[in-house]
Amino acid sequence: MDGNFNENDLSRVVEADRAHVWHHLSQHKQYMNDDKSAQVDPRIIVEGKGLRVWDQRGKEHIDAVAGGVWTVNVGYGRERIANAVRDQLVKLNFFGGTAGSIPGSIFSEMLIDKMPGMTRVYYASSGSEANEKGFKMVRQIAHKRYGGKKNKVLYRDRDYHGGTIGTMAAGGQDERNAQYGPFPDGFIRVPHCLEYRKHEQDGAPDANYGVWAANQIEEVILREGPDTVGSLCLEPVTAGGGVITPPTGYWERVREICDKYDILLHIDEVVCGVGRTGTWFGYQHYGIQPDIVTMAKGVASGYAAISCCVTTEKVFDMFKDDATDHLNYFRDISTFGGCTAGPAAAIENMRIIEEEDLLANTIAMGDYMLDQLAALQDKHAVIGQVRGKGLFLGAELVEDRITKEPIHEKIVGQVVADCMSQGVIIGATNRSVPGKNNTLCFSPALIATKDDINQIVSAVDGALGRVFG
């Protein structure tokens, strides 16, 4: 670590953080306990390089979750991205999205080149916001073409689409949603597709589970009325709900169902997009064509805030078919969608992925890590299943492999804490699905090497041994 803070400066920083910063997903009592002997310091991440970060004490950590929330795809310390952002900000930092910008135009062309069948990019600043744009498009189309009736958005159990009230209404994680209702009407849940837990779903077959799971969506559509359903919003691989990879035949059947009932397929690539699973976008593993694709985290690897809601030309055309109607266009704005730093960073981020062949590395290292986790499964009976795609992997922890009873999330948290004490940051499903926050999560940067992965897996091995004895 070669940061510029001295010890006294960092002490001041810690105390300022303790007094004023409201951390995400955190219970702050531990930082502000009246019993000073029980009080802990908030962790301050001071510096990052490659896969590694250093805290205020100078302790080095391997970051196996790409910034804690699946974001820093190309790793820390990329000077060329920082320089591109700096140069762009000096030239033009912002102009509202009613006008274009040079980096916005260039990145849109680069992005669409990676997404055959998609043509239009709407810029915003967060994944939640991008998903809200998709929902608003569906609602406006319902009014423009279907008398307002075809307005319902279907979403899947265990999926997550954001932290706004609208996206939480489309959130399949009940603990994340608890105490934030009431939510807007018109958001309808469909069943999950986690084959490992098919024993919890009535009627789930042993064979062709993927097709069966997709058919459960059709049953919901028929129950609600196809003429009321405007879109189906799904993650290609469910992230915070347990790193759920879709079963064979699932996505192909989903696309058939959407075509059958004239339903827009909205794929949420906020986590999976821009390389995380080894393809530019997760849906591209399955040979399907979406109507709407949303993305955020890996678009610029956290070097600037940017999100995109990308559509087909068919969707775009529905907002310009009658220029005489003053309400006909998409009457939406995202203030910080006009920032030029986002697309400037995204351009360099995409170039790095291409020049360093990080998609190929993601596939190779993802396969290697999955094999190493499978070896851990052979060693530790507490691992019920390992799963994932590319460098987006999970290990579900269970009390018993026969009953598949989940390990309590407090004990899962002990595994995470043990790894942290070893200098390895891993993730876990966190207050998401009641009683099933039992999956360890791994998403190292796409630059990960075998040595990095060996260190991560070794830390998990040691933690499981100590926690479960």
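The values are calculated or read from the model by the stated rules, or taken from the named source; none is laboratory data. In this text, all values refer to a predicted model and were calculated from it rather than measured experimentally. Quick reminder, even Gly has a Cβ in these numbers, built from the backbone with ideal geometry, and neighbours come from all protein chains shown. These area figures cover heavy atoms from the full protein model, side chains too; ligands, DNA and RNA do not enter into them. Shrake-Rupley method; radii C 1.70, N 1.55, O 1.52, S 1.80 Å.
Screening region 98-136 for residues that are within 24 Å of Ala169 (Cα to Cα) and out of contact with any strand residue (DSSP E or B) (no Cβ under 7 Å at 6 or more places or on another chain) and picking the one that is most open to solvent (accessible area, probe 1.4 Å) gives Lys136.
The residues of region 39-87 that are open to solvent by 20 Å² or more (accessible area, probe 1.4 Å), free of Cβ contacts under 8 Å to residues at least 24 places away in the same chain and farther than 20 Å from Ala300 by Cβ, listed by number, are Gln39, Val40, Arg43, Arg57. Under the condition of being surrounded by fewer than 18 Cβ atoms within 10 Å (Cβ to Cβ), under 19 Å from Ile292 (Cα atoms) and within 25 Å of the chain's Cα centre (by Cα), the residues counted in region 196-252 number 1. If you check Phe392 against the conditions, is it aromatic (Phe, Trp, Tyr), open to solvent by less than 40 Å² (accessible area, probe 1.4 Å), at negative phi and touching a residue at least 24 places away in the same chain (Cβ under 8 Å)? Taking the combined requirement at face value, the residue satisfies it. When residues in region 426-454 are screened for being closer than 20 Å to Ala374 by Cβ, of a type outside the set (Ser, Thr, Tyr) and open to solvent by less than 50 Å² (accessible area, probe 1.4 Å), 11 of them pass. Every condition in (1) modelled with pLDDT under 95; (2) within 21 Å of the chain's Cα centre (by Cα); (3) acidic (Asp, Glu) is met by Asp63 except one, and the failing one is (1). Being without any contact (Cβ under 8 Å) to a residue 60 or more places away in the chain, surrounded by fewer than 21 Cβ atoms within 10 Å (Cβ to Cβ), farther than 30 Å from Val85 by Cβ and not acidic (Asp, Glu) holds for only one residue in Leu370, Leu397, and it is Leu370.
On inspection, Glu47 passes the criterion of being out of contact with any Pro (no Cβ under 9 Å at 6 or more places or on another chain), acidic (Asp, Glu) and modelled with pLDDT of 95 or more.
The requirement of being charged (D, E, K, R), touching a Phe, Trp or Tyr at 6+ places or on another chain (Cβ under 9 Å) and open to solvent by less than 50 Å² (accessible area, probe 1.4 Å) is fulfilled somewhere in region 137-158, by at least one residue. Taking the listed residues Ile456, Ile426, the one that is within 21 Å of Lys297 (Cβ to Cβ), touching a residue at least 24 places away in the same chain (Cβ under 8 Å) and over 20 Å from the mean Cα position of the chain (by Cα) is Ile456, with no other qualifying.
Residues that are open to solvent by 30 Å² or more (accessible area, probe 1.4 Å) and either β-branched (Val, Ile, Thr) or within 21 Å of the chain's Cα centre (by Cα) (or both) do not occur anywhere in region 342-355. Here is the figure for region 297-347: residues that are under 19 Å from Val138 (Cβ atoms) and among the aliphatic types (A, V, I, L, M) total 5.
Among the conditions (1) closer than 17 Å to Ser125 by Cα; (2) aliphatic (A, V, I, L, M); (3) at pLDDT 95 or above, Ile244 misses just one, which is (1).
Name every residue in region 283-303 that is of a type in the set (A, V, I, L, M, F, W, C) and either at positive phi or crowded, with 24+ Cβ neighbours inside 10 Å (or both), in order of residue number.
From region 283-303, those of a type in the set (A, V, I, L, M, F, W, C) are 288, 292-293, 295-296, 299-300; that's our starting set.
Listed by number, the residues that qualify are Ile292, Val293, Met295, Ala296, Val299, Ala300.
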